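> I'd like to ask you about the structure that follows.
The values are calculated or read from the model by the stated rules, or taken from the named source; none is laboratory data. Here the structure is a predicted model, which means the values were calculated and not measured. We place every Cβ from the backbone using ideal geometry, glycine too, and count neighbours over all the protein chains shown. The area values use the complete protein model at the heavy-atom level, side chains included, leaving out ligands, DNA and RNA. Shrake-Rupley method; radii C 1.70, N 1.55, O 1.52, S 1.80 Å.
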Amino acid sequence: MANKPRVVTLERVGEAVELRAKGRTWSEVADVLGYRSADAAESSVRKYLQRMRADTDLGQMLMQEELKLQQRERYILAAAEKVPTDDVSGRDTVDKVLDRIGTSRAKLWGLHAPKQHDVQVTAVTAEDTRARLLAVAAERDQLTARRPAAIEGEVIR
């Protein structure tokens, strides 16, 4: 049998990595998983991954993650058998969890294309921005027959 503390750590680290992959901050990860602080959560994940890299090669690490996903999948499928067929909310929850497992598996094996965003940054003056905002507000006010809106803003340098 595996060392229980190490198994618990692996599950906790897996959940932390999953939360980070969903865009959560380290502070949110710490709150959800009960770490002392955001730094403790990040440090725990970093140390565990470094230890895994030192202990095993990449193929074994990928296999361990795949086994973890399979374990979660078996657990969910066993729990799904107990969900009544007329429980739409319960069935929906099971489907969402299975979708998340599938997404995690796709990411693990490199089959999930990360979202790419094109960002354009242009320098504009405060007066240009004010004029654009007033034009948008005037158009909106015409469409909704409202009285003119106040425009507030802050110049950041």
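> Rank these residues by their accessible area, most exposed first, probe 1.4 Å: Asp92, Asp99, Asp141, Asp118.
Heavy-atom accessible area, descending, gives Asp118, Asp99, Asp92, Asp141.
> I want the local charge near Arg74. Using Cβ-Cβ distances under 13 Å, sum +1 for each Lys or Arg and -1 for each Asp or Glu among the other residues.
Here the count lands on -1.
> Roughly how much of Lys107 is accessible, in Å² to the nearest 10, using a 1.4 Å probe?
100 Å²
> Which ³J(HN,Hα) values, rounded to whole Hz and listed in residue order, are derived for the range 119-128 from phi using the Karplus coefficients 6.51, -1.76 and 1.60 in 6.51 cos²θ - 1.76 cosθ + 1.60 with θ = phi - 60°, glycine and proline given as x?
So the Karplus estimates, Gly and Pro as x, are 10, 10, 10, 10, 8, 10, 7, 4, 5, 4 Hz.
> Just to make sure I understand: if all protein chains stay in place, what is the order of Trp26, Trp109 by accessible area at 1.4 Å, largest first?
Trp109, Trp26
> Lys and Arg at +1, Asp and Glu at -1: add these up for the other residues within a Cβ distance under 14 Å of Leu33 and post the number.
-2
> To continue, here is another question. Along the range 76-82, what does the Karplus equation 6.51 cos²θ - 1.76 cosθ + 1.60 (θ = phi - 60°) give for ³J(HN,Hα), rounded to whole Hz, x for Gly and Pro?
So the J values, rounded to whole Hz, are 5, 5, 5, 5, 5, 5, 8.
> On a straight-distance basis, which aspartates and glutamates could pair with Lys82 in a cross-link, Cα separation under 16 angstrom, same-chain partners fewer than 8 positions away excluded?
Glu73, Asp92, Asp95
> Let me ask another. Taking the full set of protein chains and a 1.4 angstrom probe, give the accessible area of Tyr35 in square angstrom, rounded to the nearest 10.
Tyr35 has an accessible surface of roughly 30 Å² with all protein chains in place.
> Got a number for the accessible area of Glu15? Probe 1.4 Å, square angstrom, nearest 10.
The accessible area of Glu15 comes to roughly 80 Å².
> May I ask for the Kirkwood hydrodynamic radius of the range 8-101, worked out over all distinct Cα pairs and given in angstroms to one decimal?
Here the Kirkwood hydrodynamic radius works out to 14.9 Å.
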